[in-house]
Amino acid sequence: ARFDFGIIARLMQKTGWIATTGIGDLAGFNVAGYVIGCIHHSRSRSPQRSFKILALALFVLLITLWLESYQSSFPIRIILRFSNGWAAGHLVSGIPGLALKGIPKQQSRRYTSLLMSGAGIGALLGALAIGTIAADSPHMAWIVISASATLLAFPVAWLLKSSSKKSDEKILPSKTTPTITTNKKTTNQTWKLAGLAAGYSLIGAGMVPVVLYGPLIANERLGATPTLSSDSFALFGIGSVFGCFIASTLPRGWSTSNLLPVTSLIGLLGSILFRVADYLYIEMLAIFLVGSWAYMTVTLTYDRLGELLDDSQKNRWWALISSFLGISYSGFALIFSHLAGVSINRLLSVGIAIMICQLFMELLQRSGTGFGRETTQ
């Protein structure tokens with residue numbers, strides 16, 4: 001619904017559907033809708049109302065994808081991308097809590113990794129399908145994405161239907177402002193949570209150059225064919241799945257708080273390679289590393305939330321920090337849309353600076369003070 005837009009946007013720009021600046025603008029409005037969806041979901045109180053909204057979101061997501069396959073005016077396309085983002089925000093916020101309900105904490109990292117790999121699998125399937133079936137047609141590319149999303153929606157609908165029958169279970173937290181539990185209300189703990197939220201937010205900004213401009217750079221700067229540039233972006237999906245798989249196999253004894261900064265180094269390396277790449281295979285490696293970094297961080301962050309917060313607060317904080325990620329992505333997509341028209345290299349340099357900031361935030365969540373040792377809970 002969202003990540004494969006970078007591939008389709010290149011086709012839309014090439015065939016005159018949108019201008020180059022429209023790539024970032026549409027992506028920005030999409031994530032603005034995503035942010036509102038996340039915040040909206042975080043404020044849901046009734047489980048039954050939540051199920052109805054998630055079902056509506058699933059329907060809206062599919063309808064907007066199918067409507068985008070038709071050439072339309074830019075304002076209408078903005079509305080469709082915004083609505084699509086709103087639906088995605090609800091699903092990203094609500095589905096993990098439903099799917100992982102009842103999983104023992106000692107197995108949380110493994111099952112969270114398996115769950116989060118779905119986004120990478122979806123991006124991979126979409127990229128490969130577009131490169132194979134619709135390498136030159138934005139209309140056909142949208143149809144491919146819409147058909148894939150429709151098929152993938154069936155298990156989600158089943159999950160919602162089966163979960164809604166358990167009306168006596170408390171799916172969402174009570175009407176309280178997210179707080180850290182009483183025995184964890186320390187300054188150190190607050191800084192850890194702040195660093196975790198900030199580090200997760202910067203994932204959005206760090207992904208913008210690769211997700212939005214990877215196919216464009218591969219095609220225009222490195223001379224890749226349309227099919228090859230789409231296939232190169234498929235490496236983002238492969239990297240995402242690989243990152244989730246690695247996170248699921250890491251020994252439980254390895255501290256999640258220590259793994260997050262190490263994972264940031266992978267993303268920083270990928271961002272640097274993406275900036276200096278003179279050959280397509282280097283760019284492809286960079287895309288793979290950024291995909292691995294992004295979804296290892298998503299998985300480890302969700303697991304880390306379980307260490308810092310009670311279960312009753314975890315889902316709400318997940319929705320809130322997902323909105324922070326969306327705000328970061330949306331803001332930098334809008335900024336980069338104009339910077340791309342000036343200098344792609346300058347855009348990529350800003351991406352490296354963002355990754356350095358993300359590393360420092362992960363160090364902050366580890367120590368609670370920025371550089372000290374983590375205290376025993």
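The values are calculated or read from the model by the stated rules, or taken from the named source; none is laboratory data. In this text the structure is predicted, and so the values were computed from the model without any measurement. Here Cβ is always computed from backbone atoms with ideal geometry, including for glycine, and neighbour counts include all displayed protein chains. We work out accessible area using only protein heavy atoms, side chains counted, and drop any ligands, DNA or RNA first. Shrake-Rupley method; radii C 1.70, N 1.55, O 1.52, S 1.80 Å.
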So between Leu114 and Ala153, what do we pick up on full extension, going 0.36 nm a residue minus the alpha carbon distance?
12.3 nm
Choose one answer from Leu265, Leu320, Leu159: the residue with the largest mean-square fluctuation in a GNM of the chain with alpha-carbon springs under 10 Å.
Leu159
Spin-label model distance (nm) - Tyr281 vs Ala353, 7 Å beyond Cα toward Cβ:
3.3 nm
The pairs in Lys105/Lys161; Lys52/Lys161; Lys52/Lys105; Lys192/Lys314; Lys105/Lys314 lying past 19 Å Cα-Cα in this model are Lys105/Lys161; Lys52/Lys105
Which residue fluctuates most in the GNM of the chain (Cα springs below 10 Å): Gly102, Gly122, Gly206?
Gly102
Tell me the mean residue ellipticity at 222 nm calculated for the chain from its helices only (DSSP H runs of n ≥ 4, each -39500 (n - 2.57), averaged over every residue, nearest 500).
-28000 deg cm²/dmol
Once you've got the GNM for the chain with C-alpha springs shorter than 10 Å, pick whichever of Val156, Val210, Val31 has the biggest mean-square fluctuation.
Val156
Rolling a 1.4 angstrom probe over the protein chains, ignoring ligands and nucleic acids, what is the accessible area of Met207 in square angstrom, nearest 10?
10 Å²
Quickly work out the Leu56-to-Ile133 label distance, labels modelled 7 Å from Cα along the C-beta direction, and quote it in nm with one decimal.
3.1 nm
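Calculated FRET efficiency, Phe360 and Tyr70, Cβ-Cβ r, R0 51 Å, to nearest 0.05?
After rounding to 0.05, the efficiency reads 0.70.
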How much of the accessible area of the chain, probe 1.4 Å, is carbon plus sulfur, in whole percent?
67 percent
Here, Ser46 and Gln106, labelled 7 Å along Cα→Cβ, have an inter-label distance in nm of 4.0 nm
Ranking Leu269, Leu289, Leu115 from most to least accessible area with a 1.4 Å probe gives Leu269, Leu115, Leu289
Trypsin sites (Lys or Arg not before Pro), loop per DSSP, at most 14 other Cβ atoms within 10 Å - longest free stretch of the chain
253-372
Taking only protein heavy atoms into account and a 1.4 Å probe, give the accessible area per residue of the chain in Å².
41 Å²
By its C-alpha gyration tensor, with a ≥ b ≥ c as the square roots of the eigenvalues, how is the chain shaped: rounded for a/c under 1.5, else prolate for a/b larger than b/c, else oblate?
oblate
